[in-house]
Amino acid sequence: MLIEDDIDDQEFITDALKSLGVQNEIKTFEDSQKALDFLKATSHQPFIIISDVNMPVMNGLQLKHTIEEDEYLKSKSIPFVFLSTSAEPKAVKEAFKMSVQGFFVKENTYEGIRLQLKQIIEYWSSSRHPNYKEQ
């Protein structure tokens, strides 16, 4: 799942994920509320949530907090990482208080973003968590 309100960044990140050979369907959302609605309504088990922080309607930190407070969503144990244009210390602290699994500042080049995503995907592809399923 990719939650990103900037359409250009959304396409940039999606293209980079596809170039890495990601086999999973990439679900994109322009705001956190739509992503939350999807998570609550589906039995789908996302591989990972990659979210921006600063978004309209509900920011990424509010989304992560809502997931942590919802027993059903929390039990899905979906790895959650932030990929944002800024990493204000207050936001980073708040994110890690909620057990976020990573907070990355978006690289400003395609190769930079691609490398970041490669590292994230490779890590979570080999990591085990409660709802891990063999690919």
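Values quoted throughout were computed directly from the atomic coordinates according to the rules given, and no laboratory measurement underlies them. Computed from a predicted structure; not experimentally measured. So basically every Cβ, Gly included, is an ideal-geometry build from the backbone, and we count neighbours across all protein chains shown.
A few notes on this one:
- Summing Cβ point charges (Lys, Arg +1; Asp, Glu -1) relative to the Cα centre of the chain gives a dipole of roughly 580 debye.
- Between Y123 and A87, the simple spin-label model (points 7 angstrom out along Cα→Cβ) gives 1.0 nm.
- Segment 1-68 - charge dipole about Cα centre, Lys and Arg +1 at Cβ, Asp and Glu -1, debye rounded to 20: 400 debye
- Amide H to amide H distances under 5 Å link T28 with L2, where only residues 5 or more positions off or on other chains count and H is placed in the peptide plane.
- Potential extension, H65-L115 segment - 0.36 nm per residue separation minus Cα distance: 15.2 nm
- Unit charges at the beta carbon, dipole of segment 54-99: most positive-side option, N59, Y72, S99: S99
- Here is what passes the span test in the chain: the DSSP H helices with alpha carbon length of 15 Å or more along the helix axis and a Kyte-Doolittle mean of -0.5 or above are 7-19, 110-126.
- Using 0.36 nm per residue and subtracting the Cα-Cα separation, the extra length available between F38 and V57 on full extension is 5.3 nm.
- Remark on I49: its backbone amide H falls under 5 Å from those of F80, V81, a criterion applied only to residues 5 or more positions apart or on other chains, H modelled at 1.01 Å from N.
- The Cβ shell under 9 Å around I67 holds other residues with a net charge of 0, Lys and Arg each +1, Asp and Glu each -1.
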